[in-house]
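Notes to accompany the following structure.
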Amino acid sequence: MSTALLEVEDLHVHFSVGRGRDRQTVRAVDGVSLRLERGQTLGLVGESGCGKTTTGLALLRLVEPTSGRVVFDGTDVRALSKRDLRAWRRRAAMIFQDPYASLDPRLPVGESIGEALDIHGLHQGKQARRDRIGHLLERCGLHPRVADRYPHEFSGGQRQRIGIARALACEPDFIVCDEPIAALDVSIQAQVMNLLNELQQDLGLAYLFIAHDLAAVQHVCDRIAVMYLGRIVEEAERLDLYREPQHPYTQALLSAIPIPDPVRERERERIRLEGDVPSPIDPPSGCRFRTRCRAVFDTCERIDPALQEVTDDHRAACLLHGEVGTPVTS
Amino acid sequence: MSEPTNDPAEQLQAPDQPSEPRWRETLSALLANRLAAAGLVILTLLILAAVFADLVAPYSFTDGDIVRRLEPPSRDHWFGTDELGRDVLSRVIFGARVSLQVGAVAVGISLVVGTLIGLISGYRGGWVDAVLMRTMDVLFSFPVVLLAIAIVAVLTPSLRNTMIAIGVVFTPIFARVVRGSVLSVREEVYVRASRSLGASDWRIISRHVLPNVAAPVIVQTSLSLAFAILTEAALSYLGIGVQPPRPAWGLMLLDAQGFIATGAWWMSLFPGLAIFLTVMALNLVGDGLRDALDPKQRSIIQSRGVT
C-alpha cells in the first residue's frame, strides 16, 4: 500500500453563488480523501448532488479544486502549469454520463476520437491516424468504417462506445467513468459494463467508477466509497462493504437493491430515506446525515464524525462507532 | 428507445458509400432544398450582371438622351427612361455593383469584427465580457440609420465610408449573436470532453465552438446582407451614401420620388424590385445554408431523396 496510482487528500471544491451580500459558498466537495491502486476500480457512490461528479472533475482539474492534494503517480496534479496539465491529461481520461451530449454533433465520430491523437501528436501520417481510429473503434465493438459518420446516426449505446474509444485514444492509465451506463437502456448497460471490464483487464486501466446506487457498482469495483453531501462516509473493500455496511446511509443504500429472488425480495427490509439531501450551502451541524438518519442520537449534532477505521481496512464516519470527530463550535 | 442491441451486426453496420468531401456534401444538401437553389440562382445572376455590367447593360448609365426622357417601358428601353433620358435597366444593372459591393464589404467587416468580439466576450467572460458587451450596447442603442448618418457625416460621404459606417453599425448584432451562442456551447459536455483530452483553448474555439455557433451566424449574415443593402439604399436616398452620377438602387429611388406624381412608376418600381429580389434571394440562401451545414438536418434532407 505504498505506491498508489492516485492519492487524494482532503480535497475541497467550493463554488460561490450569488453576488454581493447574497454571496454564498456551495461546499460541493468538502474534504474527500481517496486512494486508487493501479489497475483497480474504485466505486464512488452517492445520491445526485452529493458531489461525486464534481470530485471526478476536480481530480482531472476540469473543475479547479479549492484546496487539497491530488497526487497521480508521483505527480502533484494541482501544481502542474497550464501547459504541463494539458500534456498530463494524456494519462487520465474521462467517460461521460450523457452519450448524447458528449460528442460534438458537427464532427464525424472518427474526428472526435482523432482529436486526442492530434493533441498529443500520437500518430505519424494520415493513414496511420485512420488506422489507429479504426482500431480503437473496433476495440470498442464498432466497425472501423463508421468513423465518417456523425453522432446523431448512432444509438446511445454505440455513442457510449465511441466515448470509450475516445477515452482510450491516448492510452491512459486512469479513467474517470462518470455514470457511464446510467443513461443507457438496461439491455445495453451490461454490454457496456462488459466492455469496460474487458478493457481494464487487457490494458491494466484503473477506474474511478461513479454511480448513484450500489446496484450498479456491485460487480465491477474492487473498493467502494460512499459519498454524502460532499464527504466520504464509508469506504471499504467491495464484499466487506456489502456484507457489513457500517454507516446508516450505506445500509439504506444497500437496502434499496432489489434481490433477484421473488421470495427473498418480498421479505427484503427496506430502509426508506426521508426527505431530501440538505443543501450543501448550509449543511447540518455535526454529522451531515443526522437529518435523515434513523439511528440519530443527541451527540450527532454536536460532533462532526471523522472517517475512521472501524474494522480492518474498513472506514466509516459515524458516531455509533466511537465519538471521534470535530466538536461543533458555535 | 428500442434497440436491437444483442445483434452484433447492428454494431458493425458500415456506410454503403464512401464519404464525400464535406463541402460537396454541404453543396448537394443545399441544392436539394428548392427554395435555396432558387435563391442561389437569383444571386448568381445578380452577381454575374454586376460583374459583367459593361457587357450586359444595353446603354451607358451616365449618358442619357434628354429628348427621350421619362419614357415608359418600351422595346428600346425595357424599364423606361429617367428624368435625364437615361436607361433605367442599365442603371439598375450597374446599381447592382454598388449594392452588392456595399452589402458584401459592410457585412464582411461586421461579421469578422463582431464574431471576434462575441467569441472573446463569450469564452473569456468576466470583466472582458462586461467591457466589450457594454460597448456594443452603446453602439446598439442608436437607431441604425442615425448612427450610420453620424459616422458618414464625420468621415465625409463616399462609397467607402458608407461601407465602413454600415459595417460598424452591424457589428454589435454579430457580437451579440455569437456571444449568446458561445455561452451555451462553452458549457456543452463535448467541450469539457475535448478539454479532458488536453485540448487548448484555441483548439476548442476553432474546432468545437466556432462550428457550433455557425448556424445562427450564417442566418444573421444573410439577414444582415439584406439589411445592409437596404441601409445603403436609405443612406443614398438621404443623399449621404453613394454620390451621383454613380447609380445605386437607393439613389435611384430618391430620384424617382419626385416623379411618382407625374406617373413615372417605372423609375421607382424597378430599383425597388431589384432590392426586393436581392434581399429575398439572400434570405432563401441563408436559410438553406443553415440547414445544409447541420449534419442532422443534412441527413434528413438526403434521406428524403430529393436531389
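Which of the residues that make up region A:61-70 are more than 14 Å from every other protein chain (Cβ to nearest Cβ) and either more than 17 Å from A:D173 (Cα to Cα) or not in a strand (DSSP E or B) (or both)? A:P65, A:T66, A:S67, A:G68, A:R69 - these are the residues of region A:61-70 that are more than 14 Å from every other protein chain (Cβ to nearest Cβ) and either more than 17 Å from A:D173 (Cα to Cα) or not in a strand (DSSP E or B) (or both). Every test in (1) within 14 Å of chain B (Cβ to nearest Cβ); (2) touching a strand residue (DSSP E or B) at 6+ places or on another chain (Cβ under 9 Å); (3) of a type in the set (G, A, S) is passed by A:A211 save one, and that test is (1).
A search for C-beta distances below 7 Å between a residue of region A:77-91 that is more than 7 Å from chain B (Cβ to nearest Cβ) and any residue that is crowded, with 17+ Cβ neighbours inside 10 Å and of a type in the set (K, R), counting only pairs 6+ apart in sequence or on different chains, returns A:V77/A:R61; A:L85/A:R61. For B:A199, state whether it is touching a strand residue (DSSP E or B) at 6+ places or on another chain (Cβ under 9 Å) and under 26 Å from A:A165 (Cα atoms). No.
Kindly check whether there is at least one residue in region A:92-110 that is aromatic (F, W, Y) and at pLDDT below 90. Yes, there is a match, as at least one residue in region A:92-110 is aromatic (F, W, Y) and at pLDDT below 90.
In the set A:L184, A:L199, A:L208, only one residue is crowded, with 20+ Cβ neighbours inside 10 Å and farther than 29 Å from B:Q297 by Cα; that residue is A:L208. If you go through region A:184-220 and keep only what is of a type outside the set (S, T, N, Q), assigned to a loop (DSSP other than H, G, I, E, B) and at pLDDT below 90, you end up with A:L184, A:D185, A:H212, A:D213, A:H219, A:V220. In region A:164-174, the count of residues that are under 17 Å from A:G134 (Cα atoms), of a type outside the set (A, V, I, L, M) and in contact with a Cys (Cβ under 8 Å, 6 or more places away or on another chain) is zero. For A:C293, the stated conditions do not hold, so it cannot be described as under 15 Å from A:H247 (Cβ atoms) and in contact with a Cys (Cβ under 6 Å, 6 or more places away or on another chain). Evaluate the following for A:V8: is it part of a strand (DSSP E or B), away from chain B (no Cβ under 14 Å) and buried (at least 22 other Cβ atoms within 10 Å of the Cβ)? Considered against the rule, which asks whether it is part of a strand (DSSP E or B), away from chain B (no Cβ under 14 Å) and buried (at least 22 other Cβ atoms within 10 Å of the Cβ), A:V8 comes out as yes. For region A:148-170, does any single residue satisfy the condition of being more than 10 Å from chain B (Cβ to nearest Cβ) and touching a strand residue (DSSP E or B) at 6+ places or on another chain (Cβ under 7 Å)? Yes, region A:148-170 contains at least one residue that is more than 10 Å from chain B (Cβ to nearest Cβ) and touching a strand residue (DSSP E or B) at 6+ places or on another chain (Cβ under 7 Å). Can you find even one residue in region A:44-60 that is farther than 18 Å from A:A225 by Cα and within 14 Å of chain B (Cβ to nearest Cβ)? Looking through region A:44-60, at least one residue is farther than 18 Å from A:A225 by Cα and within 14 Å of chain B (Cβ to nearest Cβ).
Kindly indicate whether A:V77 is within 19 Å of A:G230 (Cα to Cα) and among the aliphatic types (A, V, I, L, M). Spelling it out, it is not the case that A:V77 is within 19 Å of A:G230 (Cα to Cα) and among the aliphatic types (A, V, I, L, M). Scanning region A:93-107 for residues that are at the interface with chain B (Cβ under 8 Å from one of its Cβ atoms) and hydrophobic (A, V, I, L, M, F, W, C) gives A:A93, A:M94, A:F96, A:A101, A:L103, A:L107.
Let's see how each residue does on (1) surrounded by 15 or more Cβ atoms within 10 Å (Cβ to Cβ); (2) more than 22 Å from B:A165 (Cα to Cα):
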| site | (1), (2) |
| --- | --- |
| B:N33 | yes, yes |
| B:F52 | no, yes |
| B:L55 | no, yes |
| B:V88 | yes, yes |
| B:I117 | yes, no |
| B:Y123 | yes, yes |
| B:W127 | no, yes |
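Set side by side, the residues A:H135, A:H123 differ, and just one is more than 11 Å from chain B (Cβ to nearest Cβ), part of a loop (DSSP other than H, G, I, E, B), free of Cβ contacts under 8 Å to residues at least 24 places away in the same chain and more than 24 Å from the chain's Cα centre (by Cα), which is A:H123. The criterion of at least 2 residues that are without any contact (Cβ under 8 Å) to a residue 12 or more places away in the chain is met, among helices (runs of 4 or more DSSP H) falling completely within region B:175-263, by B:189-196. Of the residues A:V310, A:V233, the single one that is more than 30 Å from A:F15 (Cβ to Cβ), in contact with a strand residue (DSSP E or B) (Cβ under 6 Å, 6 or more places away or on another chain), outside any loop (DSSP other than H, G, I, E, B) and in contact (Cβ under 8 Å) with a residue 12 or more places away in the chain is A:V310.
Kindly check whether there is at least one residue in region A:14-31 that is in a loop (DSSP other than H, G, I, E, B) and crowded, with 16+ Cβ neighbours inside 10 Å. No, region A:14-31 has no match at all. The residues listed here are B:A150, B:A228; of these, the one that is small (G, A, S), more than 14 Å from chain A (Cβ to nearest Cβ) and surrounded by fewer than 19 Cβ atoms within 10 Å (Cβ to Cβ) is B:A150.
The values are calculated or read from the model by the stated rules, or taken from the named source; none is laboratory data. Computed from a prediction, not measured in an experiment: that's the story for all the values here. Cβ sites come from the backbone with ideal geometry, for glycine too, and all protein chains shown count toward neighbours.
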